[in-house]
1. Give the residues of the range 73-86 that are buried (at least 22 other Cβ atoms within 10 Å of the Cβ) and farther than 21 Å from Ile246 by Cβ, sorted by residue number.
2. Identify the residue in the range 657-675 that is of a type in the set (D, E, K, R) and in contact (Cβ under 8 Å) with a residue 40 or more places away in the chain and, among all such residues, is surrounded by the most Cβ atoms within 10 Å (Cβ to Cβ).
3. When you go through (1) farther than 18 Å from Phe110 by Cβ; (2) out of contact with any Ser or Thr (no Cβ under 9 Å at 6 or more places or on another chain); (3) modelled with pLDDT under 90 one by one for Arg38, which number turns out not to apply?
4. (1) open to solvent by 20 Å² or more (accessible area, probe 1.4 Å); (2) closer than 21 Å to Val314 by Cα: which one isn't true of Arg406, the others all being true?
5. Scan the range 309-323 residue by residue and report those that are open to solvent by 10 Å² or more (accessible area, probe 1.4 Å) and touching a residue at least 24 places away in the same chain (Cβ under 8 Å).
6. Here are the criteria: (1) modelled with pLDDT under 85; (2) more than 15 Å from the chain's Cα centre (by Cα); (3) in a loop (DSSP other than H, G, I, E, B). Tell me which single one Ile312 does not satisfy.
Amino acid sequence: MPVNLTPNAIAAINGGDVNSKPLVQVLDIKLIGSTQERYRLLISDSAASQHAMLATQLNDRVKTGAVKKGSVVQLIDYICSTVQNRKIIVVLNMETILLDCGIIGNPKMFTESESTAQKPMPNANLGSPMRVNNFSTLNSSTSSTSIPNSGAFRAPNSCTFITSNSGTFGGQNPSTFNTSNPWTFGGSNPSTNSGTYRAPNPNTFKTPNAGNDVQSFRPTVQHPYQPPPNYRNHGPILKNEAAARIIPIAALNPYQGRWAIKARVTAKGDLRRYNNARGDGKVFSFDLLDSDGGEIRVTCFNAVVDRFYDTIEVGKVYLISKGSLKPARKDFNHLKNEWEIFLETTSTVDLCPEEDGSIPRQQFSFRPINDIENAENNSIFDVIGIVMSVNPSVPIMRKNGMETQRRILNLKDKSGRSIELTLWGDFCNKEGQKLQEMVDVGIFPVLAVKAGKVNDFSGKSIGTISSSQLFINPKFPEARDLQEWFDRGGKNAASVSISREFTVGGSSKNDIRKTVSQIKDEGLGRSEKPDWVTVRAFISYIKSDTFSYTACPLMIGDRQCNKKVMMSGNRWQCERCNQEFDECDYRYLLSAQIQDPTGVTWVTAFQESGEEIMGCSAKELYMLKYEAQDEAGFGEIIRGRIFKLYLFKLKIKEEMYGDEQRVKTTVMKAEQLNYSSESRYLLDLISKSRK
């Protein structure tokens, strides 16, 4: 079908148009960028063509074939930006009108000279002045000629004068503007018999005395480019003096010159201080959510912190503009946005006094607890569950030497799994204390966690970070549904803990029984992911000379450092934390042989599993052997663990030792054999084998 592209669309966009929504044709598509996929288009209005960058949120249009070479599209949201002294059109949104079409017209590459030709140029096409009495008009083909009986020029209303100076034609004796009649310009020395002149043709000017040898001329009237209505009377677009448009967060990109977003603050981080090679500094961040569901993080440094830290409040709506966009650092930023806003001294943050109901208070993406089983370490999850238990808050020493609080509670949901949630800092004394008081009186509340961080040390757990938020008994549909399930019998439903590999009312997820010989025969641990198995065996030997190591007691984030420390003078020193302290920690690094009727293998047990095997802490055992030098007591403890049956929960993984690959077997949990439970297991196994 015939398609008419929008005439002069390329020139108009370069001149500042953002509202005409033109029809253009895609002449070429090219994938650029190595670290980030971006598509560069060549678009045409049938006469001119220019390169355009496609916003990353539109990449799927190209990948799915919704836009291709020859497609006719309508630009919905777009802007023209200058990048490295070149103008590039950034397409933020568009619609495909015709998928396949032959090349329309004979487009040529658009140049800057074509853009400037669109602007009103006062002296363009006009040359040397032509003198008429005491007036100077501009005409390149006419010399200066006097008209003796001229008085004043009266121009018809349909004619427009384009002058280089308002009210002045130019020349040595400039005319003066007659304020009583805005279309009358009087000479500086009018004759006594002055009259007025009305041109018979709106575009033609003649002298009042036809006998004088004065040529008539037709001035060139260039119609200037009319700016879009949104920018009318706001000054030149190219000077960037127009009010910024409010755009969705999802449409933000670094190629935009001016933008504004209207969004609600959903989270505000703590004010943090840092020290690096450039000196001391301070920083804080906050998260934004707009009416379209777009989220982005905003970060402020130093002087900008002083401007905005006290201004920003969680739950309030703000109009924000004049910030810079940079790639988001995903190791610190969990939001689903590739960009992050950095506010500057020229940035504006204005509170919107009226509540905007179209912007939600918070946005969740809840995942069931069983999804966390296979989640990567340090990934961020929104989770909701019933609080089953709350431990007391305990003090923990951080890496910087400051003390903080830690509180552990247990969540369960309908997925049949439970998980440990670790609260840090202020969460322990605010929400943590309230939760403990509720559980102590038999109330099991619903807890929604926004932005919890996954930890895979000794099983899977989740912990709070600075941008986390906790909601106790929220009014969400998910919360009501979970509470109804709990009241109908979910309270007594069996659940399996995915934390620390212990069970609650059921079997562990790693309860895959194997014999010792099967570990080698089946090549366990040789794949990319570790193998998790349960082995019933007894300990046949424990290395008693190296059963523990001296460890750093400081906290790094939500975990203890545990790095090996060395004595420096009279104090312990940790190279990782670059800290010194008087007391160190002692942690198990237990090497032992386990044996069953099929074979023998070496295993390594760390802190928790080492305590389960030995029945005491590593520090107590160290003090008994090296401080008290009670070899008899130490030997009795070691011998007491030999030939006792355990259910070992093992993690088997191939690791590099120097240039050699070895299979390492780690004890994640050691339970002394419960003969009653084991008998039931064997009976069930026999029953299944008969079917």
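The values are calculated or read from the model by the stated rules, or taken from the named source; none is laboratory data. Note that the structure is a prediction, hence the values are computed from the model and not measured. In this analysis, Cβ positions are derived from the backbone assuming ideal geometry, glycine residues included, and neighbour counts consider all displayed protein chains. These accessible areas exclude ligands, DNA and RNA; they are computed on the full protein's heavy atoms, side chains included. Shrake-Rupley method; radii C 1.70, N 1.55, O 1.52, S 1.80 Å.
1. Val73
2. Top of the filtered list is Lys669.
3. Arg38 satisfies all of (1) farther than 18 Å from Phe110 by Cβ; (2) out of contact with any Ser or Thr (no Cβ under 9 Å at 6 or more places or on another chain); (3) modelled with pLDDT under 90 except (2).
4. (2)
5. Tyr309, Thr311, Glu313, Val314, Gly315, Lys316, Leu319, Ser321, Lys322, Gly323
6. Going through (1) modelled with pLDDT under 85; (2) more than 15 Å from the chain's Cα centre (by Cα); (3) in a loop (DSSP other than H, G, I, E, B) one by one, Ile312 breaks only (1).
Yes/no per residue for (1) of a type outside the set (D, E, K, R); (2) in contact with a Phe, Trp or Tyr (Cβ under 9 Å, 6 or more places away or on another chain); (3) open to solvent by 30 Å² or more (accessible area, probe 1.4 Å):
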site: Thr515; (1), (2), (3): yes, no, yes
site: Gln518; (1), (2), (3): yes, no, yes
site: Glu522; (1), (2), (3): no, no, yes
site: Arg526; (1), (2), (3): no, no, yes
site: Pro530; (1), (2), (3): yes, no, yes
site: Ile542; (1), (2), (3): yes, no, no
site: Thr550; (1), (2), (3): yes, yes, no
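Here's the yes/no breakdown for (1) of a type in the set (Ser, Thr, Tyr); (2) within 24 Å of Thr515 (Cα to Cα):
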{"residue": "Ala592", "(1), (2)": "no, yes"}
{"residue": "Asp596", "(1), (2)": "no, yes"}
{"residue": "Thr601", "(1), (2)": "yes, yes"}
{"residue": "Ala618", "(1), (2)": "no, no"}
{"residue": "Glu627", "(1), (2)": "no, no"}
{"residue": "Ala632", "(1), (2)": "no, no"}
{"residue": "Gly635", "(1), (2)": "no, no"}
{"residue": "Glu655", "(1), (2)": "no, yes"}
{"residue": "Thr666", "(1), (2)": "yes, yes"}
